[in-house]
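Taking it in order: structure first as structure tokens, then the write-up.
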Amino acid sequence: QVHLVESGGGLVQPGGSLRLSCTVSGASVSIHDMGWYRQAPGNQRNLVARLTRSGYTVYPDSVKGRFTISRDNAKNVVYLQMNGLKPEDTAVYYCNKDSSPRWGWGQGTQVTVSS
């Protein structure tokens with residue numbers, strides 16, 4: 001069974017940075033397309049970053065140029081570096097593989113951008 005643990009969230013001022021981590025157990029991040037998702041209250045969960053097995057990255061326009069997804073295969077961890085944070089980035093952030101069927105979701109990590 002795959003277990004996902006997200007961490008690194010917190011309260012940050014607009015323009016600040018955070019690095020989120022997703023520790024995966026029970027599967028190897030190196031052989032899966034991985035994604036970071038976020039869900040704000042009242043909204044659906046949306047993809048904010050994708051990292052393919054071959055290393056190709058994809059971002060929606062809302063975060064392009066500010067967010068960077070990466071992975072450490074040795075540690076089996078996926079990261080999301082977030083720079084230039086905006087209040088509209090406030091959400092709970094989750095990671096999962098970017099293919100169906102997805103693994104069970106972790107608890108997520110809360111990111112709050114506010115002055």
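The values are calculated or read from the model by the stated rules, or taken from the named source; none is laboratory data. This is a predicted model, so every value here is computed, not measured. Cβ sites come from the backbone with ideal geometry, for glycine too, and all protein chains shown count toward neighbours. Note: accessible area is taken over every heavy atom of the protein model, side chains too, but ligands, DNA and RNA are not part of it. Shrake-Rupley method; radii C 1.70, N 1.55, O 1.52, S 1.80 Å.
Here are the numbers:
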| read-out | value |
| --- | --- |
| Computed over the range 37-89: relative contact order in percent, which uses C-alpha pairs under 8 Å that are six or more apart | 21 percent |
| Accessible area of the range 15-115 belonging to carbon and sulfur atoms, whole % at 1.4 Å probe | 47 percent |
| Solvent-accessible heavy-atom area per residue, rounded to whole Å², over the chain at 1.4 Å | 51 Å² |
| Electrostatic dipole magnitude of the chain [Cβ: Lys, Arg +1; Asp, Glu -1; Cα centre; debye, to 20] | 140 debye |
| Long-range amide H partners of G108 with built H, under 5 Å | E6 |
| Mean Cα-pair separation over length for the chain, i.e. relative contact order, pairs under 8 Å, 6 or more apart, % | 37 percent |
| Solvent exposure, largest accessible area first (probe 1.4 Å, DNA, RNA and ligands not counted), of I69, I31 | I31, I69 |
| 5 Å binning of all Cα-Cα separations within the chain, expressed as whole percents from 0 upward | 2, 13, 25, 26, 19, 10, 4, 1, 0 |
| Solvent-accessible surface (1.4 angstrom probe) belonging to T112, in square angstrom, nearest 10 | 40 Å² |
| Extreme residue, positive dipole direction of the chain, given options S30, G9, L85 (C-beta unit charges) | S30 |
| Under-5 Å amide H pairs with G16, H placed in peptide plane, nonlocal only | L85 |
| Cα→Cβ-extended label distance, 7 Å offset, between L11 and W103, nm | 3.1 nm |
